[in-house]
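Accompanying notes for the structure given below.
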Amino acid sequence: MRDCTDASEPATAIGGCSAIIDSLWANDEQLLFAYNNRANAQGALGGPEAAIADYGRALALDPNYVNALYNRGSLYMELGRLELAIADFDRVLTVDAHRADAANNRALAFLKLNNLEEAIAGFSSAIRLDPTYAYGYNNRGVAWRRKNERERAMVDFTAAIDLLPNFVSALNNRGEVQMEVGRWDQAAADFRKAIAIDANHPRASANLRALKDLIAAESIRQ
């Protein structure tokens, strides 16, 4: 069982989980665990179809096995199979209506489909389920921004940063909105803080350079 749980060594996990699956002693609970973990390891090694097959085997044993539903939905998201991802996250929420992470991921799939109303509703649901869920605020801010609701986006990015002060993506996102509305000092502060946390963050560095160029160009015009 120990090898089957070793997420740091996917090849070891695949071997350990396969030993459980091929054994004569494993009960249904152990098989569910082994199929799910082998699928996770296969996905980590770049075998998405094998992973999807194993999640399916787990769900054939227990259609309400939340771990396999959630993990398969997340893999479908990575593969761009968004409708399938939404279906899996729907099933997770049917089994466990309190999963803020599933509500968030379902909303992310709608955001990728540019269905902004469903995305905003989904992120709002995730936040209601867990008011401390910083990722939900950040993601809803992205959706508001796409709707050109910049002030609402700013409120959500700020909420995300209040919850996670080192949340680089939220800092960069707020900085971009600050730049769009002409609050250049605040934008620069957000970009600099993001870079201080993650010096290799490409968007924050590019945004700060663009802001400096914008300020320089504006000073020349004046």
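The values are calculated or read from the model by the stated rules, or taken from the named source; none is laboratory data. No experiment lies behind these values; they were computed from the predicted model shown. Neighbour counts run over all protein chains shown; Cβ positions are idealised from the backbone, glycine included. Ligands, DNA and RNA are excluded from the accessible area calculation, which covers all protein heavy atoms including side chains. Shrake-Rupley method; radii C 1.70, N 1.55, O 1.52, S 1.80 Å.
Quick notes on this one:
- Residue 26 satisfies every condition listed in (1) part of a helix (DSSP H, G or I); (2) crowded, with 16+ Cβ neighbours inside 10 Å except (1).
- If you go through the range 35-65 and keep only what is within 15 Å of residue 5 (Cβ to Cβ) and surrounded by fewer than 19 Cβ atoms within 10 Å (Cβ to Cβ), you end up with just 44.
- Of everything listed in (1) under 21 Å from residue 13 (Cα atoms); (2) surrounded by fewer than 20 Cβ atoms within 10 Å (Cβ to Cβ), the single unmet condition for residue 68 is (2).
- Among the residues of the range 182-203, the ones that are among the aliphatic types (A, V, I, L, M) and at pLDDT below 95 come to 1 in all.
- Residue in the range 164-178 that is surrounded by fewer than 16 Cβ atoms within 10 Å (Cβ to Cβ), modelled with pLDDT of 95 or more and farther than 17 Å from residue 107 by Cβ present: yes
- Cβ-Cβ under 7 Å pairs, at least 6 apart or on other chains, the range 50-71 side over 9 Å from residue 36 (Cα atoms) and modelled with pLDDT of 95 or more, far side surrounded by fewer than 16 Cβ atoms within 10 Å (Cβ to Cβ) and among the charged types (D, E, K, R): 61/28; 66/96
- Members of the range 93-145 that are small (Gly, Ala, Ser), in contact with a Phe, Trp or Tyr (Cβ under 9 Å, 6 or more places away or on another chain) and open to solvent by 50 Å² or more (accessible area, probe 1.4 Å): 121
- In the range 126-162, the residues that are in contact (Cβ under 8 Å) with a residue 24 or more places away in the chain and hydroxyl-bearing (Ser, Thr, Tyr): 132, 133, 135, 137
- Leading residue by the ranking (nearest to residue 137 (Cα to Cα)) among those in the range 163-188 that are touching a residue at least 12 places away in the same chain (Cβ under 8 Å) and of a type in the set (Gly, Ala, Ser): 170
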